Structures are given as structure tokens and as C-alpha cells.
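To start, the structure under review is shown below, and the notes come after it.
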Amino acid sequence: MRDLFLLMNVSLDGYFEGPDHDLSWATHDFAAFRSETKKEVDTLLFGHRTYEMMESFWPTPQATEMAPDVAQFMNQAQKVVVSHQPFTPKWDKVTVISADVVSAVRRLKAEDGQSIAIFGSNELCVSLMPTGLIDEFQIQVNPVALGDGTPLFKGLPEKAELALIKTHTFPGGVVLLTYRPC
């Protein structure tokens, strides 16, 4: 069974996005990303809105110039997008799931392969948390307070107990907190 983990940026005051879905505050500390890809990730799982954001950036020359290793990984990895409505993806190696998401993610985890990462996609994460399908939560706390935005795990239907298993501080001030479900 493949591991499924969440990698999410949050502000010090607990928001994963600012007002109007603003993510410009994130420090873009790619050292944190690179350290966690040692898990040998070969599949990315996104909600539709996160997919659109990623698809609009990672295949660009700007992304390749800014973070060549990350851009190469993002462009070569298999991508699975959960969407309420089917759509035709513009990025390579994309599969769209628009029905029976929980069963589709269970099948994805049962396939041969390496780890599966959810980057962002809070609504998707919250919908999967009660099913027990997420094996690990990697929360990158950025050194900024937003004062307003969307809180991490907004919409969670029930309390979720998590156990802290690891911490790591990066030179840019990002603190990575890694949790497992209890």
C-alpha cells in the first residue's frame, strides 16, 4: 500500500491562504520541498483549484529558472485531479477523478508505485481525513501572520487527533511539523 501525505503551507496564525485565495505570502522555501521528496513521490493528488494554480506555473520557463529541480519533478510526476466536473487537462500526465473520490483514492493507494503527495488542496484533504486515507500531514509553518484568510482544515466534519512525529527548521524560517493520525 502506497503512503499518502499532505504537504501544506500555513501562516503563523493558521491560514493556508489569505483573502481571495492569496498565496503570495508563502516563502517558497524549496529546501523544505526538496527534503521531503526523499519519500520517493511519483504521484501528486490535487483538488481542481490547486491543480489550475500548479498547471499555470510549473510548466513555464519562469518556474524552470526559479526552481529547476522542483519544476522537473512537477512536470514529470503523474498528477491526479479531483474535480466536481470532468475537464480536459492541459498539463501532461494528468488523470481526472470526478466521481466516487474515496474509492478512487483507495485504488490509487493500492497500485504499485511510490508515495502520493497532496500539495495544498485543503478541501480535498478535509474530505479524505475522516476516511483514514491520509497517512501523514506535513505542515510548513511560514514566518508570517496574515490576520485573515482560510484556516487550515476548514470544513473538517469531526475532530482529528494527530501525533507530532518530527520537526525541522529551515534557514529561511519555515518550520516543518510532521504529524501522523492517532
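The values are calculated or read from the model by the stated rules, or taken from the named source; none is laboratory data. A quick note: this is a predicted structure, and the numbers were derived from the prediction, not measured. Cβ placement follows ideal geometry from the backbone for every residue including glycine, while neighbour counts extend to all protein chains displayed. Surface accessibility is based on the protein's heavy atoms, side chains included, excluding ligands, DNA and RNA. Shrake-Rupley method; radii C 1.70, N 1.55, O 1.52, S 1.80 Å.
Of the residues in the range 71-85, how many are closer than 17 Å to Gly47 by Cβ and either among the small types (Gly, Ala, Ser) or buried (at least 16 other Cβ atoms within 10 Å of the Cβ) (or both)? Break it down into steps so the answer makes sense when it comes.
Taking the range 71-85 first, the residues closer than 17 Å to Gly47 by Cβ are 74, 77-85.
Then drop every residue that is not either among the small types (Gly, Ala, Ser) or buried (at least 16 other Cβ atoms within 10 Å of the Cβ) (or both), which leaves 74, 77-83.
Total satisfying the criteria: 8.
Among the listed residues Thr60, Thr88, Thr95, which satisfies the condition of being open to solvent by 70 Å² or more (accessible area, probe 1.4 Å), more than 17 Å from Leu7 (Cα to Cα) and either of a type in the set (A, V, I, L, M) or out of contact with any helix residue (DSSP H, G or I) (no Cβ under 7 Å at 6 or more places or on another chain) (or both)?
Thr88
Filter the range 92-146 down to residues that are within 17 Å of Ala77 (Cβ to Cβ) and charged (D, E, K, R), then give me how many there are.
Counting residues in the range 92-146 that are within 17 Å of Ala77 (Cβ to Cβ) and charged (D, E, K, R) gives 5.
Tell me which residues, restricted to the range 91-116, are among the small types (Gly, Ala, Ser) and without any contact (Cβ under 8 Å) to a residue 60 or more places away in the chain.
Matches in the range 91-116: Ser98, Ala99, Ser103, Ala104.
If I filter the range 142-175 down to residues being assigned to a loop (DSSP other than H, G, I, E, B) and among the β-branched types (Val, Ile, Thr), which single residue comes out as least open to solvent (accessible area, probe 1.4 Å)?
Taking the candidates together, the pick is Val174.
Could you list all residues from the range 98-116 that are over 15 Å from Tyr51 (Cβ atoms) and open to solvent by 40 Å² or more (accessible area, probe 1.4 Å)?
Answer for the range 98-116, where residues must be over 15 Å from Tyr51 (Cβ atoms) and open to solvent by 40 Å² or more (accessible area, probe 1.4 Å): Ala99, Asp100, Val102, Arg106, Arg107, Ala110, Glu111, Asp112, Gly113, Gln114.
In the range 150-181, what residues are out of contact with any strand residue (DSSP E or B) (no Cβ under 6 Å at 6 or more places or on another chain) and of a type in the set (D, E, K, R)?
Lys154, Glu158, Lys159, Glu161
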